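Before any comments, here is the structure.
The values are calculated or read from the model by the stated rules, or taken from the named source; none is laboratory data. The structure presented is a predicted model; accordingly, all values stated were derived computationally and were not measured. Note: ideal-geometry Cβ built from the backbone for every residue, glycine included; neighbour counts use all protein chains shown. These area figures cover heavy atoms from the full protein model, side chains too; ligands, DNA and RNA do not enter into them. Shrake-Rupley method; radii C 1.70, N 1.55, O 1.52, S 1.80 Å.
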Amino acid sequence: MIHNFNAGPSILPDQVLQEAAQAVLNFNDTGLSILEIGHRTPLFEAVLDEARSLVRELMSLGSQYEILFLHGGGTTQFMQVPMNLLDEAGTAAYIDTGVWSSKAISYAKLFGRVKVLASSQDANYTYIPKNFSVDPPVTYLHITTNNTIYGTEWHRIPDGKGVPLVADMSSDIMSRVTDFSKFDLIYAGAQKNMGAAGVTLVVLKKSLLGKVQRKIPGILDYQKHIEAGSMLNTPPVFAIYVTLLTLRWLKAQGGVAAMDKANTEKAGLLYDALDRLPVFKPTVVKEDRSRMNACFVMKDPALEQAFAERCKQEGMYGVKGHRSVGGFRISLYNALPLSSVKDIVALMEDFAKTHG
Ligand SMILES: *Cc1c(COP(=O)(O)O)cnc(C)c1O
């Protein structure tokens, strides 16, 4: 028995893997592989259409939102967002909650003015800053809803005072009930919670566009992608197909509400063990703990190797913390079954008993 706690790329539902494997050999009984059909064919157009409409349905998005499937990962969005939205004389507001938001900030500075309204760097990003205010005129406010590396998550959407809200949701998209209508632009690399690496979901209000002076190369221009229906060039066909399969699975489970319930239970079990067992120390303040990535260290650092070794022996994959943080990180994405959490909690209890 193995358990996959990888932070990204990460666990996918078994059914999705089976169906994806089948489609590589024989897609929809065509005798062709999903890898060898043209993207401008009715076969692939149906995949793209269904993926788009599932995103719209699962996130309850109104018609004011456009849905794009793009290349380049979350990282390309760090650049594409300011390139399309922020004029050189304009100011964008960012909240710095870790590695990914810092990167987004450094890219945005190449295109306009950036005001970092708050940062939790002073405490190694172990909390979400709350005391800041957005003072217009600001072109947009950018947040990272879940900080994959540090294990913090925004549990309340900040009040942007009418300023358009942009969010990197790469690692918690569709993991919890969210009022997505509060956001003006959302992006998420698929490989954490929604599919395979290679495609990035971008949801945006068309009304944000057409306000910057600069010339934008077509491939980086949201407007051009909207007009072309995510077919400006060859889209990441297979990655979009795996996303479609994952969205179908998600809907069959009961949608985002069912994910929310399951993720609450999984995170509850794990954090309860981390708080209760004296050998472990969670690193994030309670109120800001992520339900997707739980970070912790050992109270006695000398026990780290023994715990890592024990996890390895018992088939617990991907529990090592990010290289910039150390310690451990257990990721609890949508596809992770409750039984995996129960098994690692049992291991932790046993470890605490023998090393207490
Ligand atoms: C993983 C991650 C990224 C980077 O995504 P890439 O697809 O590797 O570019 C950006 N933001 C967050 C929150 C992430 O977890």
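Details
- Any hit, the stretch 133-140, residues being out of contact with any Gly (no Cβ under 9 Å at 6 or more places or on another chain) and closer than 27 Å to Gly327 by Cα: no
- Of note, Asp350 does not satisfy the criterion of being open to solvent by 50 Å² or more (accessible area, probe 1.4 Å), in contact with a strand residue (DSSP E or B) (Cβ under 7 Å, 6 or more places away or on another chain) and in a helix (DSSP H, G or I).
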